[in-house]
Every structure is written in structure tokens, then in C-alpha cells.
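Student: My questions will all concern the structure given below.
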Amino acid sequence: MGRSRNISSSRLLLRHQRGVGLLVMLVVAGVLGVVFISTVVGSTSDEIQRDAATRLALSRAKEALISYAVTYIDKHPDSVPGFLPCPDLGAVILPEGSANGVCGAAYQSAIDPGENQLGRLPWYSLGIEPLRDGSGECLWYAVSATYKNSPEPAMLNWDSIGRFQIAAGTALMTGATDADLAVAVILAPGAPYGGQVRGLDAANALVCGGNYQPANYLDTFGTGASATDNSNPSTNAVAPRWRFNQGVRTNNFNDRNFNDRLVYITAREIWDAVVRRRDLQNQFRDLTEQVTLCLASYASAAPGDRRLPWAVPLSQLSFSLETDYYDVHNDKFGRTPFSVYQSDVETGYVYPSDRYLKSTSGPNGGRCATWTAKTDTWWKHWKDNLFYTIADGFTPGDLPPNNCIGSCLRVNSSGSYASIVLFAGRANSSQARYSVGLMSVVANYLDSPENTDVDVDYDSNLGGSFNDMLYCVNTSTALTAPVPGAIPLPDAMGPKFWVHKC
């Protein structure tokens, strides 16, 4: 009986030990579960927070760059809007975060495309703090040669295209066609990966730290022939295009083979913001008026001699260079001329300075007394948007005294004009101007069919989507203005022409 009690006690003790052991195992499993869940959830939460910080930094950088482009003429009064700064390339003579003074060759034409540039975001020049991504790294930035401000391109306006393709993995996000190329890219490098070394080796990187070597910050997506290297984007596409990669997000938060994040800026985003400037139309009016005054002042001082220069052919090799704007015999409708050499040959006009319609100051001089440095700059960047037509009787081939042969030019079926200058507004949905071939088609610029060829009657103020601006050279020689606000040439005591918006 004593033995039975011992056996029963042993069994009870064993059961108790097993129960305690099971309880301990459950407790341990619970603790491990809590630790596991906390680790996974915490890791996920941290990643989400880092991503949010990165998105915010990229967004603020994009906003600052677009603002810089829109307000560029506020700090550079004789310039035009739309320019973007050079990157911070680590010049020791400049404060950290400063845009480099000059960055690569200037864009001249499709044949001479200039150099795109990659470096750090110039936060100091943008007037913002040094923006950092979720890993604490300062942002990087690339600018197209067609939009950078130093050296500036031969022509920059609302038809200027970018140079950057943007991919997400192997799929293009933008840049499949020239019209869709991005003009700037902002990149968040994320945490170091692989052999990237970000130790301080730049004397002027004390705020952001690290160095100015793109390969130590920006990653390569993919392998082999299809790989795209964000640190060397010139190798990713056919020059002068560059290609950047956004990479592909996965659910594996430990996958750090590629962690660059980016946003890009399109030409449309810049110009949608620029056209909201209240003073922009006034700038276009001033430019068109000055060009019209300049052309109308070409006439000889001889009494009755009111001949005007020939126009420039509609088709050119590039449209961006001044040498594309030389007058040609018998061109009565085209773009406005820079050189009037051919017209001078036919009229016999002799000028000791040069044959250029521009400012009277400068190394080459010129013929237009009211033409300013500001006019020079606006004409340089918007010259492809200016068109010009001459009435029969006022061409270089017509003998003085010059009067209309048959019928003078008219606007909205009225008036008597020797010449009309037309400024084309922004391209509408049916117009495209991103290639030399498209720029040769006048219907891609001027809205009314009446304004697109050699004609007698032209259209103005049609309303709706119509945005052609017309200035007229009025044939009146009266001492009183034919319309309010008209400007007499050469002066009110002896006008050969009156110039006014029509």
C-alpha cells in the first residue's frame, strides 16, 4: 500500500512537471511571437516612415526647382523664364549647396546638343534647406542641356524639349518620344549598398557629408546589357538622351540591391506654371512691338523710299541659331530676319556698322534704336515664334515711292498695312513643335488658316483657343495717329509708318 502511494505521488509529480513545462513552452512561444511580430511590424513601420520622408523631400525639391524656373526673370530682369540651375558639383570656391557657375557645354542645336549635368541638388541656390531622404542622405539632381542656365542654350521657350528618359524597371515612364522627355530629375540615393563609400572627402560637404562621386550614391538596376546605371546615365540611352531608373519595389524590405527613388520634371510642368505669370503676355507684346518697330525702321531716309526687308524661309536647319534667320530674296512670308544682307544688296542701302536688325550697341552695332539688351534676349529665345509678311509694293525689289500694289495687307478685312508681324502663342492640342520638321510647318504655330501663308487678309482677336498676336506697320503718313497708341516712324513730325497692335 505504501508502494502504491509512492507510485501515485510520482505520477502526480510527473503530470505537474509536464503541465509546468507546457506552460513555459507556451509562454516562451508567446514571447517569441511578440518579438517576431514587433520586429516585422516595426521594420515595416520604419520603412513606411523612411519612404514618406523620401517622398516629401523629393516633392519639395521638385516644387523649388519649378519655382526657380518660373521666377528666374525676377532675379535676372534681362533674361527669360524657364531656366533651371546647374547642380552642386562641389566647387570649393562656392558655399555647399551652390549651383556650379558653369556646367558643361551649351545646347546649340540637334547637331550640337550640349552636355547634360548630374550632381547634388543645389539647395543653397534654391533658397531651401538641405533636403534629405529617409536614410538621411542629401538629394541628387540632373538637368538637361536644353534647360540649364549656365551656359544657357541657344534657344529656350515653351517648345523646348528635355533629354531624359525615366524607367521603372524595364518599362518607360516617360521619354519614349522627344515630346515626352523630362527636363530634370531629382534622386534620393537611400542607404549605401554594396561597395558604396560615403566617407567625407570633400572640404565643402560639411552639411550633407560624404562626397561628390555619383557611384557612391546612385545604383545600377538590372544586370548585363539591359542594366541601367543611375550614376552614369549617359550610357543608358542613345546620346544625347540619358536614362534614369526608378527601380521596382518589392515586398522584401531586406532587398537593397537597388534603392534609388526619384521624381522628374517635364517641360509641360514648367510652362504650365510659367504661363500663369501675369506679366508674361506683356513681355510678348513688348517683344513683338520692338521687332515690328525694328523692321519698320529699315526704310531708307530718302523721301518716298519705304522698302522693307525680305523675310526668312519657314524651313531651317535648326531654328535655334541666329544664322538660321537670314533674309532670302523674294520671301514675302516667313520668320523675322536677324541679318538683312540680301535686302541690302537689292535696295542698295549702305550701313557702316553691320547688317543686323538688333541693338545699336554692342561689338557689331545694329540698326534699331529702341532695341534693348532685354529685347535681344527675348528675341534669342522666342525667335521661332515670330512671323512676318510684306505687302506687294514694299519689298526690296519694288521701286520707290512705295505704295501698295493692288491691295495693302488687312487684318479682319480692314486696314491698310505694309507689313504685319505675328507672334505665335503656345501650341494647342493639334500643334507640335518638338522637331525641326514640325517647326517648319507654320500651321503648328499660327492658329488661323488665314495667318499661315502669303495672303492679303489676316485674322486677329478671334477668341476661344486663338492666341496669335499681330502688330501692324500702317502705311499712313498722316501727322495724327491712325489708331490710339500707334507709334510713328521715324517720328511724329514726318512719319513714314505707324506701328500698332492690330
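Student: Conditions first: (1) more than 26 Å from residue 235 (Cα to Cα); (2) touching a strand residue (DSSP E or B) at 6+ places or on another chain (Cβ under 9 Å); (3) open to solvent by 40 Å² or more (accessible area, probe 1.4 Å). Residue 93 passes all but one, so which condition is the exception?
Tutor: It is condition (2) that residue 93 fails.
Student: State yes or no: is residue 109 within 16 Å of residue 148 (Cα to Cα), touching a helix residue (DSSP H, G or I) at 6+ places or on another chain (Cβ under 8 Å), open to solvent by less than 20 Å² (accessible area, probe 1.4 Å) and outside any helix (DSSP H, G or I)? Reasoning before the result, please.
Tutor: Numbers: within 16 Å of residue 148 (Cα to Cα): yes; touching a helix residue (DSSP H, G or I) at 6+ places or on another chain (Cβ under 8 Å): no; open to solvent by less than 20 Å² (accessible area, probe 1.4 Å): yes; outside any helix (DSSP H, G or I): yes.
It is false that residue 109 is within 16 Å of residue 148 (Cα to Cα), touching a helix residue (DSSP H, G or I) at 6+ places or on another chain (Cβ under 8 Å), open to solvent by less than 20 Å² (accessible area, probe 1.4 Å) and outside any helix (DSSP H, G or I).
Student: Where the second residue is open to solvent by less than 60 Å² (accessible area, probe 1.4 Å) and modelled with pLDDT of 70 or more and the first is of a type in the set (A, V, I, L, M) and lies in segment 240-255, which pairs have Cβ atoms under 7 Å and are six or more apart or on separate chains?
Tutor: Pairs found: 248/168; 248/169.
Student: Now a separate question. Which of the numbered conditions does residue 303 fail, given that it passes all the others? Conditions: (1) open to solvent by less than 50 Å² (accessible area, probe 1.4 Å); (2) within 30 Å of residue 334 (Cβ to Cβ); (3) modelled with pLDDT under 95.
Tutor: Among (1) open to solvent by less than 50 Å² (accessible area, probe 1.4 Å); (2) within 30 Å of residue 334 (Cβ to Cβ); (3) modelled with pLDDT under 95, residue 303 violates only (1).
Student: Would you pick out the residues in segment 139-157 that are closer than 12 Å to residue 87 by Cβ and open to solvent by 10 Å² or more (accessible area, probe 1.4 Å)?
Tutor: Matches in segment 139-157: 149, 150.
Student: Quick check on residue 170: is it among the hydroxyl-bearing types (Ser, Thr, Tyr), over 18 Å from residue 86 (Cβ atoms) and open to solvent by 60 Å² or more (accessible area, probe 1.4 Å)? Can you show your working first?
Tutor: Details: among the hydroxyl-bearing types (Ser, Thr, Tyr): yes; over 18 Å from residue 86 (Cβ atoms): yes; open to solvent by 60 Å² or more (accessible area, probe 1.4 Å): yes.
Yes; evaluated as a whole, the condition is true for this residue.
Student: Please go through segment 477-494 and give me each residue that is touching a residue at least 12 places away in the same chain (Cβ under 8 Å), surrounded by 16 or more Cβ atoms within 10 Å (Cβ to Cβ) and under 19 Å from residue 291 (Cβ atoms), ordered by number.
Tutor: Within segment 477-494, 486, 487, 489 qualify.
Student: Something else about it: Hey, among 163, 132, 120, which residue is surrounded by fewer than 19 Cβ atoms within 10 Å (Cβ to Cβ) and among the basic types (Lys, Arg)?
Tutor: Residue meeting the stated conditions: 132.
Student: Which one of these does residue 434 not meet: (1) without any contact (Cβ under 8 Å) to a residue 40 or more places away in the chain; (2) touching a helix residue (DSSP H, G or I) at 6+ places or on another chain (Cβ under 6 Å); (3) open to solvent by 40 Å² or more (accessible area, probe 1.4 Å)?
Tutor: (1)
Student: So for segment 445-452 (the condition being open to solvent by less than 20 Å² (accessible area, probe 1.4 Å), part of a strand (DSSP E or B) and closer than 22 Å to residue 293 by Cβ), does at least one residue qualify?
Tutor: Checked segment 445-452: no residue is open to solvent by less than 20 Å² (accessible area, probe 1.4 Å), part of a strand (DSSP E or B) and closer than 22 Å to residue 293 by Cβ.
The values are calculated or read from the model by the stated rules, or taken from the named source; none is laboratory data. Computed from a prediction, not measured in an experiment: that's the story for all the values here. Every residue, glycine among them, receives a Cβ derived from its backbone with ideal geometry; neighbour counts consider all protein chains shown. The area values use the complete protein model at the heavy-atom level, side chains included, leaving out ligands, DNA and RNA. Shrake-Rupley method; radii C 1.70, N 1.55, O 1.52, S 1.80 Å.
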